[in-house]
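Structure record follows, encoded as structure tokens.
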Amino acid sequence: MNKQQDEKWMRHALSLANNAEQQGEIPVGAVLIKDGQIIGEGWNQSILQHDPSAHAEMMAIRQAGCVIENYRLIDTTLYVTLEPCPMCAGLLVHSRIRRLVFGASDYKSGAAGSVMNLLQDEKLNHQVEISSGVLAQECGDRLSAFFKRRRAEKKKLKQKKREES
Ligand SMILES: [Zn+2]
């Protein structure tokens with residue numbers, strides 16, 4: 001585990017989160033690394049693709065499987081700006097990903113320690129190493145700024161409607 005390396009890839013995940021934000025999606029980004037190389041990149045695309053499973057981790061992992069032509073992603077590390085949900089945590093286990101590094105914790109639906117810890121459940125046949133809180137402040141700020149802006153936009157829209165009626 002190398003702090004500098006972790007922060008470098010987390011910054012890359014943050015830049016992918018920007019893509020989501022530009023498309024009006026919740027800004028979460030993910031990148032999958034094997035032997036120091038990017039094999040998959042993803043960002044939230046649920047709204048755009050009408051797909052509740054189109055989370056950043058899901059997109060990155062699907063791409064990586066195609067790139068290395070294998071459904072087992074052995075010896076890889078996934079960097080994601082927000083703690084994975086139960087669906088994505090389950091996907092990490094299926095993929096046999098070795099290590100997860102995430103930024104901000106998700107106290108509402110995080111499945112890497114916050115609400116539950118699916119990744120290290122001994123009843124499952126694979127456990128994933130977890131490093132949490134890498135650039136947590138930046139990752140969290142990105143999300144809260146997005147939600148704050150969206151709330152303000154909704155308020156404005158409501159006000160406009162009231163004025164028109
Ligand atoms: Zn998810």
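Read the figures in this text as sums done on the coordinates, not as results from a lab. These numbers were taken from a predicted model, which means no experiment stands behind them. Cβ placement follows ideal geometry from the backbone for every residue including glycine, while neighbour counts extend to all protein chains displayed.
When the expected Rg is taken as 2.2 N^0.38 Å, what fraction or multiple of it is the alpha-carbon Rg of the chain?
The value comes to 1.09.
By the beta-carbon count within 10 Å of each Cβ, the least crowded to most crowded order of MET58, MET87, fewest first, is MET87, MET58. Using a cut-off of 19 Å between Cα atoms, the listed pairs LYS34/LYS108; LYS3/LYS34; LYS3/LYS148 include LYS34/LYS108; LYS3/LYS148 as exceeding that distance.
Highest GNM mean-square fluctuation among ASN44, ASN19, ASN117, for the chain modelled with Cα contacts below 10 Å: ASN117. With the cut-off at 1.5 for a/c, could you classify region 79-165 from its C-alpha gyration tensor as rounded, prolate or oblate? In terms of gyration-tensor shape, prolate. Among LEU16, LEU91, LEU100, the largest mean-square fluctuation in a Gaussian network model of the chain (Cα springs under 10 Å) belongs to LEU91. Counting other Cβ atoms within 10 Å as a rough exposure proxy, the listed residues VAL80, VAL115, VAL134 run VAL115, VAL134, VAL80 from fewest neighbours to most.
Within region 71-130, antiparallel bridges make up roughly 10 percent of the DSSP beta bridges whose residues both belong there. For region 108-152, GluC sites (Glu not before Pro) meeting the loop criterion (DSSP other than H, G, I, E, B) and having at most 11 other Cβ atoms within 10 Å: GLU122. Relative to the globular-protein estimate of 2.2 N^0.38 Å, the Cα radius of gyration of region 1-72 stands at 1.11. Where both bridge residues fall in region 11-123, DSSP classifies roughly 70% of the beta bridges as antiparallel.
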